[in-house]
Ligand code: SF4
Ligand code: FES
């Protein structure tokens, strides 16, 4: 198989350019396995993220043949042709090769929301430099695929985006007493009204969060509130 990977190293491979790697792969293995093989056998400078290898941590998302997917659960045999093209998620600042900076995405997920909780089994884990806490919510694995697939996030960086709005909606269901503040945030200048209803978020989400449904529910709620107050 040929893997055509967008390479980027600030100051070295800059602007980004594609590089091809030819490797023998078992079609039953994953794209992440192939990346590991390329890095081990051909180019140890290749940058990509991964951790769990089983669609749980959300770190390995990137664009495979133009669509946002998790490399760890995408099998080679699911992909057509003999060339697999890999590019980083869009809507985030690139760091290098397939790695992007998701800092702002995490900043928008409020620590005060109900379902965000510190993982109990990593109490003694040493936090990497610059990371102050670990968080987790519902089915969302915070992979960023929906943010990348959304046609709005790229042109309007202020949009809260599908994952954050989904999280906000979940919080609203669990903490109705916070309705006033949460609805104000969803109805604010970074919120729901910026959504163009492309539905790409729900199409690419690997864990069935269906962000577009959450956004539609928020829209109905905001309209209802406006009607009530009008
Ligand atoms: S809503 Fe789905 S696509 Fe978006 S960050 Fe969460 S798991 Fe990923
Ligand atoms: S490596 Fe954790 S989701 Fe893919």
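The values are calculated or read from the model by the stated rules, or taken from the named source; none is laboratory data. Values in this document were obtained by computation on a predicted structure and should not be read as measured data. Neighbour counts are summed over all protein chains in view; Cβ atoms, including those assigned to glycine, are modelled from backbone coordinates with ideal geometry.
Evaluate segment 54-69: report whether one residue or more is away from ligand 1 (no atom under 16 Å from the Cβ) and over 24 Å from residue 200 (Cα atoms).
no
What residue, of 49, 39, is within 11 Å of ligand 2 (Cβ to nearest atom) and on the phi < 0 side of the Ramachandran plot?
Just one listed residue meets the conditions, 49.
Within segment 85-94, take every residue that is more than 16 Å from ligand 1 (Cβ to nearest atom) and within 20 Å of residue 20 (Cα to Cα) and give me the one that is farthest from the chain's Cα centre (by Cα).
85
Test residue 28 against the stated conditions and say whether it is on the phi > 0 side of the Ramachandran plot and either touching a strand residue (DSSP E or B) at 6+ places or on another chain (Cβ under 7 Å) or in the same structural domain as residue 202 (by TED's automatic domain parsing) (or both).
Spelling it out, it is not the case that residue 28 is on the phi > 0 side of the Ramachandran plot and either touching a strand residue (DSSP E or B) at 6+ places or on another chain (Cβ under 7 Å) or in the same structural domain as residue 202 (by TED's automatic domain parsing) (or both).
Regarding segment 121-141, can at least one residue be identified that is surrounded by fewer than 22 Cβ atoms within 10 Å (Cβ to Cβ), in a helix (DSSP H, G or I) and either at pLDDT 80 or above or over 17 Å from the mean Cα position of the chain (by Cα) (or both)?
Yes, segment 121-141 contains at least one residue that is surrounded by fewer than 22 Cβ atoms within 10 Å (Cβ to Cβ), in a helix (DSSP H, G or I) and either at pLDDT 80 or above or over 17 Å from the mean Cα position of the chain (by Cα) (or both).
Just to confirm my filter: which helices (runs of 4 or more DSSP H) fall fully inside segment 155-230 and include at least 1 residues that are over 17 Å from the mean Cα position of the chain (by Cα) and surrounded by 14 or more Cβ atoms within 10 Å (Cβ to Cβ)?
The qualifying helices (runs of 4 or more DSSP H) are 162-174, 179-187, 211-229.
Listed here are the residues, each with its yes/no results for (1) in the same structural domain as residue 144 (by TED's automatic domain parsing); (2) crowded, with 20+ Cβ neighbours inside 10 Å; (3) touching a residue at least 40 places away in the same chain (Cβ under 8 Å).
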position	(1), (2), (3)
34	no, yes, yes
42	no, no, no
64	no, no, no
73	no, no, yes
91	no, yes, yes
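Tell me yes or no: at least one residue of segment 24-31 is closer than 26 Å to residue 147 by Cα, part of a loop (DSSP other than H, G, I, E, B), within 13 Å of ligand 2 (Cβ to nearest atom) and in contact with a helix residue (DSSP H, G or I) (Cβ under 8 Å, 6 or more places away or on another chain).
no
What do you reckon, is residue 45 within 21 Å of residue 100 (Cα to Cα), outside any helix (DSSP H, G or I) and within 15 Å of ligand 1 (Cβ to nearest atom)?
No.
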